[in-house]
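Notes to accompany the following structure.
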Amino acid sequence: NSGVMSLLKPLLLDVVPTIQHTAALALGRLANYNDDLAEAVVKGDILPHLLCSLSEQNRFYKKAAAFVLRAVGKHSPQLAQAVVQCGALEMLVICLEDFDPGVKEAASWAIGYIARHNSELSQAVVDAGAVPLLVLCIQEPEIALKRIAASTLSDISKHSPELAQTVVDAGAIAHLAQMILNPDAKLKRQVLSALSQIAKHSLDLAELVVEAEIFPVVLTCLKDSDEYVKKNGATLIREIAKHTPELSQLIVNAGGVAAVIDCIGSCRGSVRLPGIMVLGYIAAHSENLSMAVIVSKGIPRLCACLMEEHEDHVKAAAAWALGQVGRHTPEHARAVAVANVLPTLLALYMDTRSSEDLQMKATLKNILQKCTYLPALEPLLHDAPPNIMKHIVGQFSKVLPHDSKARRLFVTTGGLKKVQEIKAESGSLLQEYIKTINNCYPEEIVRYYSPGYSEILLERVENYHPV
Amino acid sequence: MAALARLQARLSWLREEYYRRNRSVDENRKREYKAAIKIQSWFRGCRVRAYLRYLNKMVILIQKWWRGYRSRRYFRKMVETAYFIMKMNFYNEMAVRIQKSWRGYYVRTYIHNYYALKKYLEAISVNNEIVRNELQEYAEMMENEEKRKDLEKKEKEKKYRARKMHYLLSTEQIAGIYNSPFRKSPDPMELLLQKSKPLSHRQQQVKSPFTYKLYDWPTCTRPPTFSTSQTLPPISRQKPQGPFRNTAEVLRQRFKPLEPTLRAAASINSPLEKAREEMKREEWRNCIHDNEFLPFSSYHKNKKYDPSIHRSGKYVQETYGIKHFCEVQPNKWIADKVMLPSIVLFKKFGKTYSRTGQIM
C-alpha cells in the first residue's frame with residue numbers, strides 16, 4: 001500500500017539471486033493475504049518480469065515464483081485469467097519438469113489453484129500440457145508432491161467430461177487407484193476426491209474407474225480414522241452408484257452396502273451425507289437392490305440419521321433415501337414402516353420450520369402408496385394433514401375389505417372413529433375412500449362411531465314416552 | 001200349294017222381315033260386335049294371363065331353386081367359418097394354457113426367481129458380515145499400528161533424553177537423583193541412564209527418504225535396512241598434516257606377502273633333504289607314465305595291452321559306454337508279448353454316477 005509494489009519490482013531483476021527470490025517470496029506473501037493486493041500485483045505488471053527468466057533461475061527462485069502465481073491465482077477467476085494471459089502456464093509446466101520435488105510441488109499447487117475456478121481455465125491448463133507431467137508427479141516418492149498433484153488432477157477433472165477424459169487418457173486412474181492403499185490420510189483424501197470427480201461425469205468414466213479394481217479396497221477407506229477420507233470414499237462410491245443398476249449391483253456384491261452403513265454410523269454431521277446418498281441411489285435403481293439395502297440393516301441406521309441430525313440437508317437426504325427404499329413394493333414399505341419412522345417423517349413434514357417439505361411429501365407419498373402394514377399407519381391417522389390423509393385412508397380402504405382381523409383392530413384402536421370425524425368434500429377421492437371403509441362395516445357400528453351420535457341418542461331418550 | 005200359299009202369305013212379311021231382320025241385325029250388330037270383341041279380348045286376356053301365370057310360376061321355380069342353392073352355399077360357408085373360428089378359439093385356448101404355464105415357469109425361474117432372490121439376499125448378508133469383520137479387523141490393526149507407533153516414539157524420546165542426560169548417572173560417591181538411598185530399588189530412569197551411550201557432538205542423522213515411507217506401512221514390521229542408512233566412516237574428516245606418502249602405496253607395502261629366503265623357509269633339520277623330497281614329490285605327482293621311455297623298442301612287444309579300468313569289464317570289454325548308453329533290455333519286456341484281459345469292474349472305477357458313493 002505504501003508503494004511496496006514499485007519498490008519490490010526492480011528487486012526482482014537484481015543481480016544477486018538471493019535478493020530476487022526473497023523479493024518474490026515477499027510478493028507472494030502479500031498477494032496471498034488479500035485479493036486487492038493480488039490485483040495490485042497484477043496491475044503493477046510484475047508477473048511478466050517474474051516469468052521472463054524463470055527457466056534459468058535456481059530452484060528457490062522457481063519455488064518463490066510459483067508461490068506468487070499461486071497466491072495471485074487463488075482469489076478469483078479474473079485474477080487467474082490474468083495470470084494465464086501472462087504466459088504463466090508454460091513457465092509452470094517447465095517448473096513441473098524440474099528435478100527438485102519442492103519446485104514441482106509449488107508449480108502443481110499453482111496450477112491447481114488456477115484450474116479450480118472454471119472450465120476455461122482448466123482447459124488452458126490442459127492445453128499447456130500439464131496433465132502428463134502431473135501424472136508423472138503422482139508417481140514420485142515424496143508424499144507432499146503426491147498430495148498436491150492428486151488435488152490438482154481432481155480440480156482439473158471436476159469441470160467437464162472432456163477434461164476428465166483427458167486426465168484419464170494420461171493414465172492417471174491406475175496410479176490413483178494404487179495410491180488408495182497409502183497410509184497417509186491427506187493423500188487418501190485427495191486421491192479419493194480425484195477419482196470421484198473423474199467418475200461423476202459419465203457412465204464410461206465410472207466404468208473405467210471401477211475397472212481399476214478399486215473395489216473392495218475402497219471399503220477399507222471407509223474405516224479410516226480420518227473423517228474426510230471416509231467422506232471422500234463415500235463420495236466416490238456415490239458417484240459410481242448413481243449411473244446404472246449394474247454398477248450399483250457391483251457395489252452391493254462387493255459388500256459395499258455394509259461398509260457404507262457402518263461408515264454412516266461412525267460419523268456425525270455432514271460427513272454422513274454422501275454415505276446416505278449412496279444408499280438412496282442404490283435403492284432407487286431396482287427393488288432387488290432396495291431389498292439388499294434392507295437386508296443389510298440399512299433402515300435402522302437411516303432412521304437414526306434422520307432423528308439425530310440437526311442440519312436440514314442431511315435430514316432431507318435421509319428422508320429421500322428412505323423414500324427410495326420404501327417405494328417399490330408393499331414388502332419394502334412394510335420394512336420401512338416397521339422401523340417406526342413414519343411418525344417422525346410426518347412430524348418433520350408438519351414442522352413449519354423445515355424447508356424441505358417437498359422431499360418429505362414425495363417420500364411420504366411414495367411410502368404410503370405402497371404401505372399395507374396397518375399398525376404403522378394407525379398413529380398417522382390422528383395427526384395427518386388432509387393431503388396426506390387421503391393416501392392413508394386410501395390404503396385402509398384397500399386393505400380393510402379383505403381382512404377381517406384388520407377390521408376388528410381398526411375398530412378397537414379407534415381408527416373408525418377418527419375416519420368418521422374426517423370431513424371430506426363430496427365427490428373427492430377422500431370421500432370415496434371413506435365410503436368404501438364404511439361399507440366394510442355394518443350400519444350400527446358406523447352410526448355408533450359417527451360424531452354426535454351420543455346427542456342423537458340422548459334426544460331419542462328425551463322424546464321417548466314410556467308406555 | 002199350301003206351302004206356297006203359306007210362303008206367299010209370309011211373303012209380304014218377307015220384305016219387312018228382311019228389312020226388319022236387316023235392321024235388327026243392324027241394331028244388334030254393334031252390340032254383338034262389341035260383345036264378340038269383349039269375349040274375344042277376355043279370352044285372349046285369359047290366355048295371356050294363363051301364360052303369364054305359367055311363366056311366373058316357372059320363374060318362381062327357377063328363382064326358388066337358385067336362391068336355395070345360393071343360400072345353401074352361403075350357409076356352408078358360414079358353417080365352415082364358424083367351425084374354423086371354433087377351432088381357432090379352441091387352439092387359442094390351448095395355446096394360452098401352454099403359454100400361461102410356460103410363462104409362469106419362465107418368470108419364476110429366470111426373471112423373478114424368488115428362491116434365487118432369497119439366496120442372493122442371504123449371500124449378501126453373509127458377504128456383508130464377512131466384509132464387516134474384515135473391516136473391523138483392519139480398523140483394529142490400524143489402531144494397534146498407531147498405538148505402537150506412539151509407544152515407539154515415546155520410547156525413542158525417552159532414550160534420547162537419557163542419552164542427553166547421561167551425566168545424571170550415579171557414581172560410587174554421589175548417588176544420582178534417580179538413585180535416592182531412600183528408595184528400595186533404583187528408578188527405571190537410572191537403569192536407562194546406565195544403559196545409554198553418551199551423545200557425541202555432531203549427530204549425523206542420515207535420513208533416507210525411503211525409511212519414512214516404508215516404515216509406516218503396517219505390513220512391514222521392520223524397515224528394510226539399507227546399507228546406506230548406516231553412517232559410513234567419513235572419507236576425509238581430518239586431513240593429516242604434512243607431506244605423507246600415498247596411502248595406497250603404504251598399504252601395499254604394509255601388506256606385502258612374505259617371501260622368505262630358502263634358508264629361512266626351510267626347516268632346521270636337514271633342509272637339503274627336505275627340499276629334495278619336495279621336489280621328488282612334485283615330480284611323482286606330475287608324471288603321467290610310469291614306464292618311461294625305454295631303451296629297446298621290442299621290450300614290450302609281447303606285453304599285453306592293459307586296458308584302463310573304465311573300459312575293461314570282468315572278462316571282456318564292457319559294451320556299455322561304447323555300443324549302447326541306456327540300460328535297456330528288450331528281451332525282458334512283456335507288454336508287447338502278453339495281452340492280459342482287462343477287468344471290467346476296475347474300468348468303471350471313478351466313472352459311475354452314483355449319489356451314494358459320491359463319485360461323479
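The values are calculated or read from the model by the stated rules, or taken from the named source; none is laboratory data. Bear in mind the structure is a predicted one, so any value in this text is a computation, not a measurement. Don't worry about glycine lacking a Cβ; one is built from the backbone with ideal geometry, like all the others, and counts go over all protein chains shown. Protein only, heavy atoms only, side chains kept; ligands, DNA and RNA dropped before computing areas. Shrake-Rupley method; radii C 1.70, N 1.55, O 1.52, S 1.80 Å.
Residues of the stretch A:229-261 being touching a residue at least 24 places away in the same chain (Cβ under 8 Å) and surrounded by fewer than 17 Cβ atoms within 10 Å (Cβ to Cβ), which ones? Passing the criteria: A:T244, A:P245, A:L250. For beta carbons closer than 8 Å, sequence separation of 6+ or different chains, a first residue in the stretch B:113-132 that is closer than 20 Å to A:L219 by Cα and facing chain A (nearest Cβ under 10 Å) and a second that is open to solvent by 50 Å² or more (accessible area, probe 1.4 Å) and at pLDDT 90 or above, the qualifying pairs are B:I124/A:N253; B:N127/A:N253.
For the stretch A:1-110, which helices (runs of 4 or more DSSP H) that fit wholly inside it have 1 or more residues that are surrounded by 20 or more Cβ atoms within 10 Å (Cβ to Cβ)?
So the answer is A:17-33, A:35-43, A:46-52, A:59-73, A:77-85, A:88-96.
I'd like to check something: does the stretch A:291-305 contain any residue that is more than 9 Å from chain B (Cβ to nearest Cβ), over 21 Å from A:S225 (Cβ atoms) and among the β-branched types (V, I, T)? Checking the stretch A:291-305: at least one residue is more than 9 Å from chain B (Cβ to nearest Cβ), over 21 Å from A:S225 (Cβ atoms) and among the β-branched types (V, I, T).
Close Cβ contacts (under 8 Å, 6 or more residues apart or on different chains) running from residues in the stretch A:449-463 that are closer than 19 Å to A:V419 by Cβ and open to solvent by less than 100 Å² (accessible area, probe 1.4 Å) to residues that are acidic (D, E) and not in a loop (DSSP other than H, G, I, E, B) comprise A:P451/A:E421. Scanning the stretch A:263-282 for residues that are in a helix (DSSP H, G or I), within 14 Å of chain B (Cβ to nearest Cβ) and either surrounded by fewer than 23 Cβ atoms within 10 Å (Cβ to Cβ) or touching a residue at least 60 places away in the same chain (Cβ under 8 Å) (or both) yields A:G265, A:S266. Of all the criteria given as (1) crowded, with 18+ Cβ neighbours inside 10 Å; (2) part of a helix (DSSP H, G or I), the one not satisfied by A:I214 is (2). The set of residues from the stretch A:114-173 being among the charged types (D, E, K, R) and assigned to a loop (DSSP other than H, G, I, E, B) comprises A:R116, A:E140, A:E142, A:K158. The set of residues from the stretch A:201-228 being touching a residue at least 40 places away in the same chain (Cβ under 8 Å) and away from every other protein chain (no Cβ under 11 Å) comprises A:H201, A:S202, A:L203, A:L205, A:A206, A:E207, A:L208, A:V210, A:E227, A:Y228.
Taking the listed residues B:A266, B:A275, the one that is farther than 30 Å from A:P141 by Cα, surrounded by 11 or more Cβ atoms within 10 Å (Cβ to Cβ) and modelled with pLDDT under 70 is B:A266, with no other qualifying.
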